[in-house]
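So the structure is just underneath, and the comments pick up after that.
The values are calculated or read from the model by the stated rules, or taken from the named source; none is laboratory data. Everything numeric in this text was worked out from a predicted model, so none of it was measured. Neighbour counts are summed over all protein chains in view; Cβ atoms, including those assigned to glycine, are modelled from backbone coordinates with ideal geometry. Heads up: the accessible areas ignore ligands, DNA and RNA and are worked out on the full protein's heavy atoms, side chains in. Shrake-Rupley method; radii C 1.70, N 1.55, O 1.52, S 1.80 Å.
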Amino acid sequence: MINYKFWLIGCVVFVILEILPPPTHFFFVCMAFGALAGAIAAVFSTIAWLPWVVFAVVSVALTPLMIPLAKFLFTPKPHASNVDALLGEKALVVETVDPKQAGTVKVGGEKWRAISHSERFEKDVWVQIEKVEGASVIIRRLS
């Protein structure tokens, strides 16, 4: 019956090892769950080898499940930021834009200098941002 306390101490040690750097991406969590299962087996059984078998089976069974979960959680997801987030966004023309003269558009509450290479856009027309060049956006008709 005292055997289960050693398994609980092992569980706590594995959790501490998981928390410490470098990150092991849930490997020691699998071992901690195995030790917890071993503690439960030690409480309900007097067979000395049974908690070891339960520990091994649970730890090995959880490893292929936890590693993909860790990869999913810790792999950075690509997302557009800064001016790259403007590409493809809708903008409202605030000042007339024509091929010879730049105007102004409003995107997400911010005003941007806008250039059109081929078309003229009057005030209060919705356009789409095609490209960002320096501090200006290149616009086109909504598609």
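Points worth noting:
- The residues on offer are 102, 80, and the sole one that is surrounded by 12 or more Cβ atoms within 10 Å (Cβ to Cβ) and over 30 Å from residue 39 (Cα atoms) is 102.
- Selected residue (criterion: most open to solvent (accessible area, probe 1.4 Å)) from residues of the stretch 1-29 that are of a type in the set (Val, Ile, Thr) and assigned to a helix (DSSP H, G or I): 19
- Cβ separations smaller than 8 Å between residues 6+ apart or across chains give the following pairs from the stretch 100-127 residues that are within 16 Å of residue 90 (Cβ to Cβ) to residues that are among the acidic types (Asp, Glu) and assigned to a loop (DSSP other than H, G, I, E, B): 107/89; 108/89.
- Given (1) open to solvent by 50 Å² or more (accessible area, probe 1.4 Å); (2) of a type in the set (A, V, I, L, M, F, W, C); (3) farther than 23 Å from residue 13 by Cα; (4) in contact with a helix residue (DSSP H, G or I) (Cβ under 9 Å, 6 or more places away or on another chain), number of the condition residue 107 does not satisfy: (1)
- Taking the listed residues 32, 48, the one that is under 30 Å from residue 8 (Cα atoms), open to solvent by 50 Å² or more (accessible area, probe 1.4 Å) and either at pLDDT below 95 or of a type in the set (A, V, I, L, M, F, W, C) (or both) is 48, with no other qualifying.
- The stretch 113-143, subset part of a strand (DSSP E or B) and of a type in the set (Gly, Ala, Ser), residue surrounded by the most Cβ atoms within 10 Å (Cβ to Cβ): 114
- Number of positions in the stretch 7-39 that are in contact (Cβ under 8 Å) with a residue 24 or more places away in the chain and farther than 17 Å from residue 60 by Cβ: 3
- From 83, 60, residue being within 30 Å of residue 29 (Cα to Cα), hydrophobic (A, V, I, L, M, F, W, C) and not in a strand (DSSP E or B): 60
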